[in-house]
Every structure is written in structure tokens, then in C-alpha cells.
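Read through the structure below, which is laid out as C-alpha cells, and then see the notes.
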Amino acid sequence: MMMISAWDRWFSTSCCLCCHVRTGTIILGVWYMLINAVVLLILLTALSDPEQYHLTSAELANDLDVMDDANMCIASAISLLMILICGMATYGAYKLRAAWIVPFFSYQIFDFALNTLVAVSIVVYPNTIQDYLQQLPDNFPYKEEISALSNVCLVLIVLLFISCILGFKAYLIACVWNCYRYVSGQGASEILLYVTTNDTTLEPEYSCQVLLPPYDDSVSVPPKQGPPPYTTATA
């Protein structure tokens, strides 16, 4: 009986119940590129007109300036880097280049770990939710109603919301990982040598498919010895 590994058991070439993993990864990469492009456009517009988009400390009842030019430049650089990473993943899924998908997959893992740490910090320090609510502006919608809830209720609501986000992110990570495995498998199949016959009477599907042996195994095979030297028999 053939044993199936855990990775092969969870491997699937479909996602979202109808799309191929390549199509899903391309759509996901394009979607992330559009979001980061919009964010980059907003940040560049804010840098070009700082008086209109400058968020002062008085608006958030804070002693620090939360959106200065340095922070906006860093955010713009991050958005530009994200556009590059998402573009690489889209190109890699389209052109069957597995290595181009790795940076986007690494970003997904980092983002998932960061959200997990946020959930853990909420469980360990539940009072941080109330502290965050107090820092919100007075005209924030439903601020009084949310602040009236107990800490336990707030923690449960926030954890439920973060759990839904983590579940969705985990599904997207699985889709990109399956796409990486699919593309890697397609790249490995390119080493197959197709030997076709010159006989035109045979159909194309009767061509042979030969898998080349590894280079190390071919080198380790000792060469065949030649036949013994020929000697003339004498009576």
C-alpha cells in the first residue's frame, strides 16, 4: 500500500472551488498590486500637498505628530516594494517560474505571523483594547457604545474577528503554496526527453517518454570493458 505524505494529502490544483491555483495566484497578485498602487498614489498625493493631507497631533489627542514626511516616505517605499513583490509572483505564476513566487509567499508567512502575535498580545494584555479606544477621536462612530462593553466581550469580539482574518490568510497561503508546488512540478517535467520515431504511420501519442537518469548516477556507473584482444588460433 502506497503511503501518502502530509504535503501530498493537502496538495490541490484548485482554489476558491473553481479556479486553478495558477489563476488564483495571478488574481491575488494583481489584487495586491492594485491595493498597494492606490495606497502609493494617496501617499504621493499627500507628499505633494502636505497642508491638505497632514494629520496633526491635535486631531488624535496625541502629543506626537503621527504622519510626518519621513513616515510617509517609508510607507511609500514599502508600498513600492509590495508592488514589486506582487508583480514577481504574478509573473512567476504566469511564466511557470517557481523562484519568483517565493518572495510573495514569504511576505504572506510574515503577515500571518504578525497577525498571530497581535492576537496573542490581546489575550495576554486585554486592557490594550480600552487604551486604544481612548486614543480614538471623539467623533469616531459608535465610540461610546464600544467603550461601554466589558473587557471580556471586547476581547472575544476582537479575537473572533482576527480568527476569521487568520483563517482567510491561511487559505490564501495554502493556495500560493500549491501554486508553487505545481509550478515546480511543471519545471521539473521539462527535463524529460521525448523521443519520436521517424515512422509516419505511427500516431503522435505512441511516442516514447524517457526520463534522464541523475548526473551522479551516470558518472558512478563504471565503463564497460571492451572485448579481449583477438588472437589467431594455432594448430
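The values are calculated or read from the model by the stated rules, or taken from the named source; none is laboratory data. Because the structure is a prediction, the values reported are computed rather than measured. Because the Cβ atoms are built from the backbone with ideal geometry, glycine has one as well, and the counts that use them run over all protein chains shown. What goes into the accessible areas is simple: the full protein's heavy atoms, side chains included, and nothing from ligands, DNA or RNA. Shrake-Rupley method; radii C 1.70, N 1.55, O 1.52, S 1.80 Å.
Here are a few things to note about the model shown:
- The figure for M72 is an accessible area of roughly 10 square angstrom, using a 1.4 Å probe on the protein chains alone.
- Rounded accessible area of L84 (nearest 10 Å², 1.4 Å probe): 100 Å²
- Solvent exposure, largest accessible area first (probe 1.4 Å, DNA, RNA and ligands not counted), of D49, D111, D138: D138, D49, D111
- Between C153 and V124, the distance separating the two model label sites (each 7 Å from Cα on the Cα→Cβ line) works out to 2.8 nm.
- Largest accessible area first, the listed residues R181, R97 line up as R97, R181 when surface is computed with a 1.4 Å probe on the assembled protein chains.
- Extension gain for C73 to T116 (0.36 nm times residue separation, less C-alpha to C-alpha distance): 12.8 nm.
- Accessible area per residue (1.4 Å probe, heavy atoms of protein chains only) ranks V38, V158 as V38, V158, with the largest value leading.
- Accessible surface of I35, taken over heavy atoms with a 1.4 Å probe and every protein chain present, rounds to 80 Å².
- Here r is the Cβ-Cβ distance between F140 and L84 and R0 is 30 Å; the resulting FRET efficiency, rounded to 0.05, is 0.30.
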